[in-house]
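> One structure is given below, represented as structure tokens, and several questions about it will come after.
The values are calculated or read from the model by the stated rules, or taken from the named source; none is laboratory data. These figures come from a predicted structure and were not determined experimentally. Methodologically, a virtual Cβ is constructed for each residue, glycine included, from the backbone with ideal geometry; neighbour enumeration extends over all protein chains shown.
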Amino acid sequence: MKKNVIRITVRLPRIVRFFLIIALASSYPVELFSQRSNSITSNPGKEQLEFFKYLYGTDDILVNGRVYIPKHYRSIGHPYFENDNWMRGALFIKGRTYSELLVKYDIELDKIILNTNIKNGTATVIELNSEAIDSLYVDNHFFVNSEILKSPILDKNFYEKIRGDKYSLFIGYKKKFKFNPTDFSSYGRFEEFRPFMYISCNGQYSKVSSKRAFLNYFKPHKKEIRKFMRKKKIKLLKADLRELDELMEFCNMLTTE
């Protein structure tokens, strides 16, 4: 007796299929495009080399990474440093410099995002492995990986370095995402980024979370620095790169007299 077979076909809407594909893609690191042996998988440095040999040919450039997908792409605002445009930058890895790259710094994830083309010309956006990046230079800002600063009081982060004299200022940035579950018309929003600062001297780091803490760090010269900040209208936690550079130049000059 012949059995009847009922076939049921479920056709998902196009937008649902799109997000399923994205979700599957995000679970696979980009390095899977190249063949990996067990020895490569157990050796991150070698894995990075193999991946970028695939990506750029024979050049063992940059670090390993995975396909980057923004966590809150429909939100108000963005998670990036300064703006959401691609910026020209350079990465410094193991004594080598890789310049003329298109990058973004995702502050929420503390990740460097690379916009590049793989060998067949396909545009690819990659979330790089931060642990392998020593430092980066982007849009006149110089960032250093906390891993190479080797200070127990520093949170794991990229820090913008201001000045390189006896006293240097290191600035980290945080950006929070907020979602109101009662607001059904909103996909959430990013707050403005918040800086947190450390002063470095002879390899020792001290947190300066306010103007008062900054002035107290240079206590013997407190009056002169306060007067300088007032004259230049410098608000420490809102100051731009030029203002902070001038401030640290002045502090270094005072302490060497």
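> Of all residues in segment 193-226 being part of a strand (DSSP E or B) and of a type in the set (Phe, Trp, Tyr), which is farthest from Thr255 (Cα to Cα)?
So the residue we want is Phe196.
> Give just the number: which of (1) among the polar types (S, T, N, Q); (2) without any contact (Cβ under 8 Å) to a residue 24 or more places away in the chain; (3) in contact with a Gly (Cβ under 8 Å, 6 or more places away or on another chain) does Ser75 not satisfy?
(2)
> Okay, moving on. Scan segment 126-159 for residues that are buried (at least 17 other Cβ atoms within 10 Å of the Cβ), out of contact with any Gly (no Cβ under 9 Å at 6 or more places or on another chain) and among the β-branched types (Val, Ile, Thr) and report the count.
Residues meeting the conditions: 2.
Here's the yes/no breakdown for (1) part of a loop (DSSP other than H, G, I, E, B); (2) more than 28 Å from Lys178 (Cα to Cα); (3) touching a Gly at 6+ places or on another chain (Cβ under 7 Å); (4) modelled with pLDDT of 85 or more:
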position: Leu62; (1), (2), (3), (4): yes, yes, no, no
position: Arg66; (1), (2), (3), (4): no, no, no, no
position: Asn85; (1), (2), (3), (4): yes, no, no, yes
position: Phe92; (1), (2), (3), (4): no, yes, no, yes
position: Glu100; (1), (2), (3), (4): no, yes, no, yes
position: Leu109; (1), (2), (3), (4): yes, no, no, yes
position: Asn115; (1), (2), (3), (4): no, no, no, yes
position: Gly121; (1), (2), (3), (4): yes, yes, no, no
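> Right, another one. Considering only segment 160-192, how many residues are at pLDDT 80 or above, surrounded by fewer than 16 Cβ atoms within 10 Å (Cβ to Cβ) and part of a loop (DSSP other than H, G, I, E, B)?
2
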